[in-house]
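J.: One structure follows; several queries about it will come next.
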Amino acid sequence: SEHEDTVPTNELVTKTETTQENEDTHEKNERSLTKTQPAASRNSLPQEVALKNLMAGFYLLFPRPSSPVHYLKDVLPLKTKIQQLCNNYKPENYPKLQDICVNQGLPFDNSLRSQVWAHLLNVRTFEPVDLEKASKSDRKDLDILDRDVERSLWEVSDQDRPQKRKELLRIMRAIVIEDPQLSYFQGYHDIASVFLRVCGEQLAYQLLRVLSHNFIREQMDETIESTLKKVDFVFNILEKKDGELFAHLDGAGLMPHFALSWILTWFSHDIDDFASICRIFDLFLASHPLFSVYFSVAVRTLFFFCQFFLFGGRNTHRELIFIHYKRCCQDKN
């Protein structure tokens with residue numbers, strides 16, 4: 001297993017009858033983990049590290065071909081179905097593509113994925129744009145784009161990275177120059193990079209242009225107030241969905257700003273695996289513009305749950321995680 005220090009679930013399941021037994025189980029797990037974990041891991045739990053471990057679990061939700069048999073049985077028929085829906089597109093195909101993106105995810109095929117994303121954003125025909133010309137401006141507030149681009153696309157090969165960075169810069173500059181009401185925000189380049197890598201420069205520009213006016217419009221306001229209101233929905237939803245968990249978070253003085261980069265960048269800044277990023281983009285593009293907020297609530301809830309199993313929990317979160325663990329067991333039953 002990738003996580004050698006994962007707490008066996010059977011140790012938890014067999015000791016849930018009384019509060020005292022629960023405490024004993026936590027103490028036992030903590031003592032066991034203290035012997036095997038490095039000191040840095042025991043004393044701190046960086047959010048980015050925990051999130052990367054958490055995202056490993058998403059492979060269970062977002063399966064990919066693991067064998068030729070799996071490809072022939074499941075993936076190839078799905079690709080054929082999607083291609084037919086795209087080639088013979090009509091309005092009634094839209095909910096079918098939505099359903100595939102939400103419940104199955106698209107095969108890891110950039111050509112096919114770019115076609116589906118274009119249909120989801122209603123971009124079917126367009127005239128190529130001279131992005132070199134459209135991106136020219138002497139606006140000083142755009143200098144930050146250059147700096148962010150220089151820190152991006154490290155996943156691309158050294159040979160291709162300089163050209164891709166030029167394309168990324170052209171796309172983003174052209175969009176914010178075209179509409180002065182759109183303001184660049186740090187993290188925009190993370191989203192734009194995904195569209196560029198999947199769709200190529202021209203289509204990425206068209207899709208990101210639509211996205212900027214619809215799905216992520218609040219993020220592109222001149223100030224961050226609208227974005228923070230959007231992030232505040234995380235606690236509003238959590239309070240209605242899981243009041244007990246919310247009470248613990250709120251009582252600890254935790255603000256929902258942990259979800260800021262998740263919502264701003266659609267998780268593309270926090271996840272290294274490109275296939276998982278694309279899977280999340282499939283889901284978000286096929287859903288309501290606020291779905292990134294709901295997804296952040298689900299991830300945060302799962303984050304606390306996985307913190308116990310991956311890291312043995314900590315005293316400050318012990319009761320919180322066990323409450324959620326018991327609720328998950330009850331839901332399964």
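J.: Around A286, with a cut-off of 11 angstrom between Cβ atoms, what is the net charge of the other residues, counting Lys and Arg +1 and Asp and Glu -1?
T.: Around A286, the charge tally is -1.
J.: Residues of the stretch 264-293 with the amide nitrogen closer than 17 Å to a label point 7 Å from the Cα of Y89, along Cα-to-Cβ, please.
T.: Residues 282-283, 285-287 qualify, since their backbone N sits under 17 Å from the label point.
J.: Near L120, within a Cβ-to-Cβ distance under 15 Å, what is the net charge of the other residues, with Lys and Arg +1 and Asp and Glu -1?
T.: Charge balance near L120 sits at +3.
J.: Given a 1.4 Å probe, how much area per residue of the stretch 168-274 is accessible, in Å²?
T.: Here the residues of the stretch 168-274 average 40 Å² of exposed surface.
J.: Let me ask another. Tell me the label-point distance for the pair E127, L78, using the 7 Å Cα-to-Cβ offset, in nm and rounded to one decimal.
T.: 3.9
J.: If you don't mind, there's one more thing I want to ask. Carbon-plus-sulfur fraction of the accessible area of the stretch 143-195, 1.4 Å probe, in percent?
T.: Answer for the stretch 143-195: carbon and sulfur cover 45 percent of the accessible area.
J.: Here's something else I'd like to know. Taking 0.36 nm per residue of separation and subtracting the Cα-Cα distance, what length does fully extending D109 through A247 add?
T.: So the extension gain works out to 45.4 nm.
J.: Ok, one more. How long are the three semi-axes of the equivalent ellipsoid for the stretch 169-291, computed from the Cα gyration tensor as the root of 5 times each eigenvalue, in whole Å, largest first?
T.: Rounded to whole Å, the semi-axes are 28, 17, 12.
The values are calculated or read from the model by the stated rules, or taken from the named source; none is laboratory data. As the structure is a computational prediction, the values presented were derived from the model and not from experiment. Counting neighbours? That spans all protein chains shown, and the Cβs are built from the backbone with ideal geometry, glycine included. We work out accessible area using only protein heavy atoms, side chains counted, and drop any ligands, DNA or RNA first. Shrake-Rupley method; radii C 1.70, N 1.55, O 1.52, S 1.80 Å.
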